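K.L.:
Dropping a structure here in C-alpha cells format, bear with me for questions.
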Amino acid sequence: MSGVQSALDALARGEVIIITGDRFRRGDMDFCVAASHADADAINFLATHGRGLICLAMRQDRAERLGISLMNEGTERQSGRPLGRSIEASEGVTTGISAADRAQTVKVAVAPDATHEDIVSPGHVFPLIISPGGVAERAAAAEAAVELCQRAGVGDAAVICAIMRDDGEMARPADIADLVARFGLAVADIDDLLEMPEPGSQQKR
C-alpha cells in the first residue's frame, strides 16, 4: 500500500507504517507506530526489522511537562537532530531495554497526566522533540510521524525507528519492497503529506 491516506488508516488501526522522504537524513526511512498503540509487539517489530534507534517523537509542550529538554540546545557542534535525554518509566520496568519495558516507558510518557516524576534518566527510549511548526517547518520523520498520528486521531506522539538493511547499511526505497509486501505495510512520503490540506480546511474547487 502507498499514500498518506492508507498510512492514516493503518495508524488508526494500530499498525506500523513506513515514512519516507526525510530531508535531513539523506533519504533514511523509518518505521512509525502511534505511541498510543506502541505495545511490546510493536516495539519488538521495530527492533527486529528496523534495527535503528527507537525514539519517541513528541511535541514541545509534552516534553516540557516531562522535564525533557534538548541534549544540545546551542548552535555549536549541532547535529540538527532534536534528541532529548533518554528516558525510562520510573515504575513498572526491570532492565528497561526489553520490548515490554520500552512499551511501558512509552505508555507512561504519553499518559495525559504524565509529569517529570513519572520518568527517570538515562533510559532506553530516546525522545525527539519536534519543531513547533511541525512538518511544514522541518520536513523530517519525527515531525511527519506526529502529524500523521494527529490526523489519524491516535494522539500527538509517535514511536519511530530507522530502517537498516541486513548488512547494516541504511535502507533506501529499493530495499523495502520485501518488507512492504511481507507485512502489508502502508508507506507515507513526507512530500505527499506536505501537499495535503490542513485538517478542517477545504480545498478550492
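The values are calculated or read from the model by the stated rules, or taken from the named source; none is laboratory data. Treat the numbers as computed from the prediction; the structure is a model and nothing was measured. Here the Cβ is made from the backbone with ideal geometry for all residues, glycine too, and neighbour counts use every protein chain on show.
K.L.:
Give the number of residues within the stretch 38-62 that are within 17 Å of Arg25 (Cβ to Cβ), of a type in the set (Gly, Ala, Ser) and within 11 Å of the chain's Cα centre (by Cα).
P.N.:
Residues in the stretch 38-62 being within 17 Å of Arg25 (Cβ to Cβ), of a type in the set (Gly, Ala, Ser) and within 11 Å of the chain's Cα centre (by Cα): 1 in total.
K.L.:
If I go through the stretch 181-190 residue by residue, how many of them are surrounded by 12 or more Cβ atoms within 10 Å (Cβ to Cβ) and either assigned to a helix (DSSP H, G or I) or of a type in the set (Asp, Glu) (or both)?
P.N.:
3
Table: residues versus (1) at pLDDT 95 or above; (2) closer than 22 Å to Arg51 by Cα; (3) crowded, with 17+ Cβ neighbours inside 10 Å.
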{"site": "Ile97", "(1), (2), (3)": "yes, yes, no"}
{"site": "Ala100", "(1), (2), (3)": "yes, yes, no"}
{"site": "Asp113", "(1), (2), (3)": "yes, no, no"}
{"site": "His116", "(1), (2), (3)": "yes, no, no"}
{"site": "Ile119", "(1), (2), (3)": "yes, no, yes"}
{"site": "Val125", "(1), (2), (3)": "yes, yes, yes"}
{"site": "Ile129", "(1), (2), (3)": "yes, yes, yes"}
{"site": "Ala140", "(1), (2), (3)": "no, yes, yes"}
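K.L.:
Here is a further query. Please list, ordered by first then second residue, the pairs with beta carbon atoms under 9 Å, 6 or more apart or interchain, first in the stretch 5-27 and farther than 19 Å from Ala152 by Cα, second in a loop (DSSP other than H, G, I, E, B) and of a type in the set (D, E, K, R).
P.N.:
Asp22/Asp28; Arg23/Arg138; Phe24/Arg81; Phe24/Arg138; Arg25/Arg81; Gly27/Arg172
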